[in-house]
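To keep things clear, I will list the structure first and then write my remarks on it.
Throughout, read-outs are computed from the coordinates displayed, never taken from laboratory work. Note that this is a predicted model, so its numbers are computed, not measured. Glycine gets a Cβ as well: all are built from the backbone with ideal geometry, and neighbour counts include every protein chain shown.
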Amino acid sequence: MPARAYWQGQIRLALVSIPVEIYSATKSGASISFRQIHEPTGKPIHYDKVVTGVGPVDADEIMKGYQIEKGEYVLLDQDEIDAVKLESKKTLELTQFVDADEIDVLYYEKPYFVVPADDLAEEAFIVLREALKRTKKVGLGQLAMRGREYVVSLKPCGRGMVLETLRYADEVNKAQGYFRDIPDTKPDTELLDLAEALIAKKSGKFDAGEFHDRYVDALKALVERKRKAKSNRKIIEDKGDDDGRASGNVVDLMAALKKSMAKSGEAAKGPAKKATPPRKPAANKRA
């Protein structure tokens with residue numbers, strides 16, 4: 001268990017209050033960051049705060065501005081901004097329950113693990129968790145954390161529960177504007193059957209460990225090769241496979257689906273056994 005919880009408080013359902021602790025369920029471990037370096041000296045490059053026509057300025061002369069029109073700003077200092085920040089509440093009141101499939105995936109933002117704060121909270125925690133499981137509902141409420149207010153959902157996850165922050169309605173684009181030009185036609189039945197059969201052949205249980213960020217892996221390999229080469233100027237090209245895009249004319253969809261089915265069937269059978277090498281022909285003898 002991590003040493004420090006992201007949030008501590010209680011979940012309230014009517015007159016029942018459940019002390020809980022919340023921990024971040026995700027971490028950023030796959031990204032690679034770079035710094036800009038001055039090549040002749042090998043030292044990092046820094047940036048100065050500069051005003052056009054004035055030059056460098058001191059940090060205490062800088063304020064935050066909200067643009068209301070082009071070139072016109074409302075200036076705010078940090079104390080004014082801090083004064084309107086919401087105080088972190090110690091209570092998450094569940095005000096509504098909805099079916100899980102009613103919440104579009106576009107609204108989900110970040111997950112957190114929810115656990116009982118102590119032994120006394122365990123019984124009520126388990127009751128709420130099992131009630132959500134049996135009703136197949138998701139609890140909704142609003143929670144103030146670190147200066148801003150979030151819409152959150154609460155749902156079961158194994159022995160515990162997961163709280164997820166949700167985006168507000170004005171933070172999500174409407175899909176209709178993007179999908180409007182897609183024709184509302186029904187696909188060919190045979191093509192649809194082939195596609196469904198291919199999906200069935202490739203269906204399985206989700207395992208996140210099977211997927212890796214190949215771009216990050218390639219960057220790490222490149223950095224390691226350059227480190228071993230001990231040359232900052234050396235360019236190392238990685239000649240991998242092509243991207244697999246077919247050239248020439250568009251491949252017939254039916255043929256492509258059938259070929260995919262065949263390949264999927266071969267993969268399901270496992271690797272083919274190695275063929276026994278043919279015997280060397282005996283030396284020709286003169287009759």
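Work out the FRET efficiency for Ala117 and Val172 from their Cβ-Cβ distance, taking R0 = 51 Å, and round it to the nearest 0.05.
E(calc), rounded to 0.05, equals 0.95.
Quick one: if you stick a label point 7 Å off each Cα along the C-beta vector at Val216 and Ile126, how many nm between them?
3.7
Using a 10 Å cut-off around each Cβ, can you sort Glu122, Glu61 from fewest to most neighbouring Cβ atoms?
The fewest-first ordering by Cβ neighbours comes to Glu61, Glu122.
What is the distance, in nm, between label points placed 7 Å from the Cα along the Cα-to-Cβ direction at Met254 and at Arg148?
Result for the modelled spin labels: 5.3 nm.
Roughly how many nanometres apart are two label points built 7 Å out from the Cα toward the Cβ at Glu102 and Ala208?
2.7
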